[in-house]
1. Determine the pairs where a residue that is part of a loop (DSSP other than H, G, I, E, B), located within segment 54-75, has a partner that is of a type in the set (S, T, Y) and exposed (fewer than 13 other Cβ atoms within 10 Å of the Cβ) with Cβ atoms under 9 Å apart, the partner being 6 or more residues away or on another chain.
2. Name every residue in segment 2-30 that is under 15 Å from R57 (Cβ atoms) and loosely packed, with under 12 Cβ neighbours inside 10 Å, in order of residue number.
3. Going by the structure shown, is V96 in contact with a helix residue (DSSP H, G or I) (Cβ under 9 Å, 6 or more places away or on another chain) and closer than 18 Å to S13 by Cα?
4. Does segment 1-25 hold any residues that are within 27 Å of D100 (Cα to Cα) and polar (S, T, N, Q), and which are they?
Amino acid sequence: MPAIITTDQVWNSIEKNFFAVLGMVTAKGEARTAGVVYVARERQIYIGTSKTAWKVRHIQQNPHVSVTVTIPKRIPFLPFLPIPPAAITFQGLALVQQQDSIEQEILEALFKGMEVDEQLIADSCLIRIKPSGDFITYGVGVSMKTMRNPEKSHGRASVS
């Protein structure tokens, strides 16, 4: 029996994390992935990047993307034991946007901790991803012991 998980639980996990793997397709139809730092707001994902990044070019040609958010797992007092991360995977439509079309709070969250100057801002854009379909999860909302049983660790929830 698969894990029972709600849409709100999945979004809560996405909002608590900041790293994901973004999957896209090149103009030649080749699969590509990139590790990205993101923020989640109002059930959408925002990624800051250079206007000249290859992921921007790929998304502008084909906005269909996949995203996998990894969620680190650790055993308290035994952090040296390797535990596979939990994961949330979904598909969505991506849109490349200029920074002036994004709320200031989102920009501040994306560039938090970075030395931001006018040149960085001028050279940057954002990728906004609106998830669609279902979230597919592994290890979300289940104990680490349950994660040892793949059948009980997988879940599915609607993105909306």
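1. From residues that are part of a loop (DSSP other than H, G, I, E, B), there are no pairs.
2. Within segment 2-30, A27, K28, G29, E30 meet the criteria.
3. Working: in contact with a helix residue (DSSP H, G or I) (Cβ under 9 Å, 6 or more places away or on another chain): yes; closer than 18 Å to S13 by Cα: no.
So V96 fails the test.
4. N17
Read-outs throughout are calculated quantities, based only on the coordinates presented, and are distinct from any laboratory measurement. This structure is a prediction, so every number in the text was calculated from the model and none was measured. Positions of Cβ are generated from backbone atoms using ideal geometry, with glycine treated the same way; all protein chains shown enter the neighbour counts.
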